[in-house]
Amino acid sequence: MKLNKIYKIGRIGISLILIFLVSCKAEKNTSANKNKAVDMVYPLLDTENSRWFFFSSASRPFGMVNLSPDTQINGDWGGGYKYTTDTIKGFSHIHEWQLSGVSVMPVTISPKNKEKIFTDFYSKFSHQTEKIIPGYHLLKLDRYQITAELTSTKRVGFHRYTFPDSAEKAILFNLNTILGPCENTNGKLEKNNDQELSGSLVLSTNFRRPKPLTVFFKVKFNEPVTSIEQNTTTRNYLVNFGKSDKQIIMKVGISYTSIENAAINMEKELPHWDFDKVVSDSKTEWNNLLGRIKVEGGTPTDQRRFYTDLWHALQGRKMISDANGAYPDNSGEKFRIGQLPLDANGKPKFNHYNSDAFWGAQWTINTLWGLAYPEIMEEFVHSLMQYYKDSGMIPRGPSGGDDTFVMTGASATPFIVSAIQKGLVKEDLQEIYTALKKNHMLNGIMGKAGYEHNTDIGGGLKYYLEKGYVPYPLPDGNFGSHQDGASQTLEYAYQDWTLAQLAKKLNLQEDYNYFIGRSKNYQNVFDKTTGWMRPKNVEGKWLDNYDPYKYENGFIESNGAQATWFVPHDINGLAELMGGKANAASKLNSQFETAKNLKYTSGNSHDAELHPEFSRIPINFGNQPSMQTSNIFSLLGRPDLTQYWTRNVVKETFSGLAPSTGYNGDEDQGLMGSLNVLLKIGIFQMNGGTEENPVYQIGSPIFNKIEIELNPKYYTGKKFIINANNNSPENIYIKEIKYNNAPVNDYSISQEKITGGGELILEMSSTSK
């Protein structure tokens, strides 16, 4: 009887057994690799609140190709891969700041769908049959019973599709559609031979990126194409393969300069057809970067979340240059193809990058990249300077070979100065200084508000220079986004201070004095009668009926309570305005006590900041303007409060693994991921590491041991180790600090000591000193 029942199960039973065996094998492999950093990444974190460039799966670090499935295609926010949408609308190759493109969809053709396939090709899928690791994505298209696998090199997408037996196989190229922040238009596909295609499409303009950009691509298949059809209405293409019983494997090389360079990218990066090797190579590349920081202790979830945060810190901001160094320059009146400088072997000396703003980077990638990934930081400085050489201006957030002027101020200044002060960039310092200074003067980038392309009025720089503050409202009118004078004043003052540090390094005393003077302008928007930063109009009158908890009331993506603490270069001076360090610490502490009720964020997504209740929170770790605040206490003589509140923020806001939450706000291409890493290892730089011999503030790490591998090209030490003895969720306070057995009394450590290698020993306790 039992044998008969087994035989009746038939193919279903065999399938279940195979699934069980595969599952056991996967479990075994997971266990064997449990100590690999790459295996701990949880890619689905916060994907219910996704953004076009937020999610990453089948990609390499900073790669031009960021291949992944799209469940939402129309719109930047909520676009791309959104966990709560159960329908695949294509696999596209570019998910980047204001860029998208080359969407494909494997399908099967039948008499029922033959006439509608060009317009009706979406497919349901289930997370239950999905596998995602850094560099690889597998899912099953339920409608077609196709197993789709994706991986990539830096500039080439690699696809493997397993179709049902005897199915009529095809791949739809959806080249004329809306993807994320822009329309894909004028899409073209040509057959070069039976196994090769080439094509292009144009990314339409938008208010952020006002110039079009062409995406070129080259396609190769392992099987011959039987025919290509184009629909005259939808203008998409159907590439047919007949009933071949083999898997269809496809390479798609991308370039922003030419089809020839797309082919070169493919030839140099992916000359073979070994899909599994590329998955393995990608995993190794990710693991080598993630493994530069090793952690011990905490819970398994703490460790998985940590490496997920670190993965985010390394997945934003994509290269736009080809393997041979060609890149798109869209900064002039006419588009041109630029060429990066080559080394003695004919290879580009650095890559060129597309990037969201460095707005807030002073508390995130400045420190993390500068410490663990100095080669990445150096490369980005060279890329920013290439934009200056092409356009005459260091950009704020370049996309498609030109600046978008996203956000405000000269946010690249602290980033570049930090790289110089840490010894990562040593040549052409005078040229760099000249370029940076230009942005801080009239006709420079400080004069531009957000997305202000054709004028430079919205930044209010002329008033900042004349009156020492940017008025709110700006009397000249509206010229761009974020014309919030009080915030602009605070931002410019900090950035002026960082530029002054470089002037000092170059012995430019007159410039140093000038910019140091400007750095004190934050004092001009502090109202001593209320104890808050407060907007002023052009006549110097304080804003009437001022409410420090009203969102964007003269402040950028924040309220006055949050923004009051944006003086990273002069916390002592700010404390004096507040009546001393004790008063300042008490004020900030009360803000944290209130913010605790909302878990220190304005809801769980960026748009939630507009919610009437969430927007009034006095501290918001979901956006850049106040995410440094828990570390301010150390500079106010209360390191115990830094330790207490940072641990609370990590516990309540940045712990756990779920698609529904993660960063609780605006993860701008690695900024929030980097912040998480720094809070969890207990290292921070209030002024962004921009002073001579930068100093790090010591916080309360959640791990017992942190080991940071130092790059020997830049630093003399091999490793920097933090040992937190007796660490636990209760033992959050530091009782004693030693560095290489020498006492440390001021809760700080210098760049020189860290990069020279050694051990920082923290004795942890449940009570504060």
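Read the figures in this text as sums done on the coordinates, not as results from a lab. Everything quoted here is computed from the prediction, not taken from an experiment. A quick note on method: Cβ atoms are made from the backbone with ideal geometry, for glycine too, and the neighbour counts reach across all protein chains shown.
Some observations on this one:
- Every helix of 4 or more DSSP H residues in the chain counts as -39500 (n - 2.57), and over all residues that averages to -9000 deg cm²/dmol at 222 nm.
- Helical segments meeting 27 Å axial Cα length and Kyte-Doolittle -0.5 threshold in the chain (DSSP H): 2-32
- Calculated P(r) of the chain - Cα pairs past 44 Å, %: 26 percent
- Backbone geometry of the range 347-357 corresponds, through the Karplus equation with coefficients 6.51, -1.76 and 1.60 at θ = phi - 60°, to 3J(HN,Hα) couplings of 9, x, 5, 7, 9, 9, 10, 9, 6, 5, 4 Hz, x marking Gly and Pro.
- Neighbourhood net charge (12 Å Cβ-Cβ; Lys/Arg +1, Asp/Glu -1) for W542: +1
- Reported to the nearest whole Å, the Cα centre-to-centre distance from the range 567-614 to the range 683-754 is 25.
- Given charges at Cβ of Lys, Arg, Asp, Glu: the chain dipole, positive-most of G101, S204, I445: G101
- Magnitude of the charge dipole, the range 583-656, Cβ model with Lys/Arg +1 and Asp/Glu -1, debye to 20: 220 debye
- Using distinct alpha-carbon pairs, which all enter the 1/r mean, Kirkwood radius of the range 581-713 in Å: 15.6 Å
- Cα-centred dipole magnitude for the chain, charges only on beta-carbon of K, R (+1) and D, E (-1), debye, nearest 20: 1780 debye
- Cα-based convex hull, the range 33-290, per residue volume (Å³, whole number): 122 Å³
- Distant-in-sequence amide H partners of A326 (H built 1.01 Å from N, under 5 Å): L340
- Which of P111, W273, N49, positive extreme of dipole for the range 33-290 (C-beta unit charges): N49
- Within the range 241-335, the GluC sites (Glu not before Pro) that combine a DSSP coil assignment with at most 13 other C-beta atoms in a 10 angstrom radius are E333.
- Between the listed residues P328, P300, Y739, the Cα displaced farthest toward the positive end of the dipole of the chain, a dipole computed from Cβ unit charges relative to the Cα centre, is found at P300.
- Between the C-alpha center of the range 374-441 and that of the range 111-140 there is a gap of 42 Å.
- Inter-centroid distance (Cα atoms) of the range 226-287 relative to the range 451-528, Å: 48 Å
- Across the range 671-769, the volume of the C-alpha convex hull divided among the residues equals 108 Å³ per residue.
- Amide H contacts under 5 Å for M686, placed H, 5+ residues apart: Q697
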